[in-house]
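Report on the structure given below.
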Amino acid sequence: MKNIKKISNFVEFISGVNPTRVNKQLENEIIYYEQSDFNNDFNHLDVYEIEENPSDFGKQTLKEGDIVISNNQQKAVMIGKSNAGKVISLNFTKVEFKKQTLDKNYFLYLFNSNKSIQRQKEREKQGDVLQKLSTKALGELKIPVIPLEKQKKIGEAYSKTLKLQGELIRYSTLLEQFSTQILEKTLQGD
């Protein structure tokens, strides 16, 4: 029988900052982590690097390798190099690991794809008008705890799958652009 524990035994959930409130309090511009950044991280696309030194918001400031949940999509990603230094808004929740007993990629697999976790998230969202899980509800999710070596193997396989999916999306986009260009040139040639 699997060992099942609440996810709050392994991680802490940190809510993002309210951009409206922060912008009123500070004079310098903050670079926020946005949905397009999340999509790039999900598809393993490192678009560019931040050149400016962003403000330090402590736990809400992202570092490469951090895990972030999109509150709207209820999916999690690992932060890529191009999004390090950005600050999470209320649309995101940062996952801070308490101990080295839960692999980050295994967490991503569980949160994004594990059927048991998906059912738990759906049950929690049913009564919520905004369809967003609170940090308390996130902490109540029950996860299967397996030895760290097995977690790493599952997490690595999941990560490789996501990278391959990202590559396929890029190739599909390039193929569509190429096909459109050829067809447009053919049409213009007549």
Inset, instruction - Please give the FRET efficiency for T135 paired with Q165, using the beta carbon to beta carbon distance and R0 = 41 Å, rounded to the nearest 0.05. - result: 0.90
Inset, instruction - Estimate the FRET efficiency between Q118 and K63 by the formula 1/(1 + (r/R0)^6), using the beta-carbon distance for r and 30 Å for R0, to the nearest 0.05. - result: 0.60
Legend entry - Accessible-area value, K142, 1.4 Å probe, nucleic acids and ligands omitted, Å²: 100
Inset, instruction - With a point put 7 Å past each Cα toward its Cβ, work out how far E96 is from A84 in nm, to one decimal. - result: 1.9
Inset, instruction - Would you mind calculating the gained length between N72 and L175 on full extension (0.36 nm times residue separation, minus the Cα-Cα distance), in nm to one decimal? - result: 34.1 nm
Inset, instruction - Excluding residues fewer than 8 places away in the same chain, name every one of the lysines whose C-alpha is closer than 22 Å to that of K185. - result: none
Legend entry - Unit charges on C-beta of K, R, D, E only; dipole of the stretch 61-147, Debye: 40
Legend entry - Set K63/K125; K115/K163; K99/K152 screened for pairs whose C-alpha atoms are more than 23 Å apart: K63/K125
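The values are calculated or read from the model by the stated rules, or taken from the named source; none is laboratory data. Computed from a predicted model, the values in this text were never measured in an experiment. Cβ coordinates were reconstructed from backbone atoms using ideal geometry, including for glycine residues, and neighbour counts include every protein chain displayed. Just so you know, the surface numbers come from the protein's heavy atoms only, side chains and all, with ligands and any DNA or RNA stripped out. Shrake-Rupley method; radii C 1.70, N 1.55, O 1.52, S 1.80 Å.
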